[in-house]
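Let me begin by presenting the structure, written as structure tokens, before commenting on it.
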Amino acid sequence: MDLLLSQRIVLEAIANKADSIDKIIKSTGLSKSIVNNIIPDFLLLNIIQYKNSKYTLDRETNPKWLQEVSKIENVKMEIKEMLSSSVDLMNKGAIVNLRKIYLSEFEEKLLKIELGRVEKLIVDLQKNSGVNKDVKDMKVVYWGYSGYGDILKNRVS
Amino acid sequence: MNDYEEIQRHTLCEYMSLFERPTIVNLAKDSKIQKTRLFRLINGVDMRLSEYLVLKQRIRALNMVENSLEELAVECEQHLNSYEISELSKQMSRRVRQKKLQKITKEYSTAA
């Protein structure tokens, strides 16, 4: 099961303690009708449950959905959509930097160390990020590098 | 009627609808399929793959939809490997799912 970005954000909102339709709408920024279309599907698939007038993730009835939505091919598809959307937003405020450079072995090591620092910072920030904040206000941060030849090979082969 | 027969019937209907006078003579002249064979096809004889492809190609040509999505899809099927086709179809399917969600939403909002 692959999730659309709009479905994913609804799940994230519910996981982040948005337990009513109004809270989900506020947290995701989606319209009420879109949320009203997504919620019944999730209830039918036992991805979420509605108990005591609250929506929560259903990790007991059919916990396989967690593995399904986390499958690498499904996650890859979502990442592709997010990156593609970020590129579309390049002139509208999104910061996407990309450079092609030659790196010596030493320079590559330096880069890895710097990226490691970025990763550590992100992990620390994630630990401190508060619950009950709106998921739509999160930032999507991407970092990393690849071999130009490898990218090309993947496209051409 | 099974799916296979339904596709054959639909293809023939679509092709014939593109002619002002869809006589067997006209259809045979255009498609280069023999008149007797066309007669049999119209009467429900199983279509060969080559005939199906000829008719689809003529439908595209008569519709003057060069470089259309359908044509591009045919090219993709011919040139891309199964993994690439699967990737493309996944992307298309996700776009359609999102659109459908919005469409349903629109209708819902209007009704409400």
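The values are calculated or read from the model by the stated rules, or taken from the named source; none is laboratory data. All values derive from a computational prediction rather than experimental measurement. Positions of Cβ are generated from backbone atoms using ideal geometry, with glycine treated the same way; all protein chains shown enter the neighbour counts. Ligands, DNA and RNA are stripped out before the accessible areas are found, and what is left, the full protein with its side chains, is counted by its heavy atoms. Shrake-Rupley method; radii C 1.70, N 1.55, O 1.52, S 1.80 Å.
Summary table
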item: Highest-MSF residue in chain A out of A:102, A:142, A:55 [GNM, Cα springs under 10 Å]; result: A:102
item: Accessible area of residue B:7 in the full protein assembly, 1.4 Å probe (Å², nearest 10); result: 90
item: Percent of Cα-Cα distances greater than 20 Å, calculated over region A:1-152; result: 62
item: Residue A:143 accessible area, assembled protein chains, probe 1.4 Å, Å²; result: 100
item: Candidate aspartates and glutamates for bridging to residue A:64, where Cα separation is under 18 Å - those fewer than 8 sequence places away on the same chain excluded; result: A:2, A:12, A:41, A:73
item: Of A:51/A:127; A:23/A:112; A:71/A:136; A:71/B:100; A:71/B:56; A:76/A:109, those spanning more than 32 Å from alpha-carbon to alpha-carbon; result: A:23/A:112; A:71/B:56
item: For residue B:29, solvent-accessible area (1.4 Å; no DNA, RNA or ligand), Å²; result: 150
item: Cα extents of chain B along the three principal axes, largest first (Å); result: 53, 40, 30
item: Dipole in debye (nearest 20) - region A:5-156, about Cα centre, beta carbon charges: Lys, Arg +1; Asp, Glu -1; result: 180
item: B:68, B:17, ranked by accessible area, largest first (probe 1.4 Å); result: B:17, B:68
item: Neighbouring partner chain Cβ atoms per residue of B:84-97, average, 10 Å criterion; result: 2
item: Among B:62, B:28, B:47 - extreme Cα towards positive end, dipole of region B:27-69, charges at beta-carbon; result: B:28
item: For A:28-38, mean number of other protein chain Cβ atoms within 10 Å; result: 4
item: Solvent-accessible ranking of B:5, B:20, B:14, B:77, largest area first, probe 1.4 Å; result: B:20, B:77, B:5, B:14
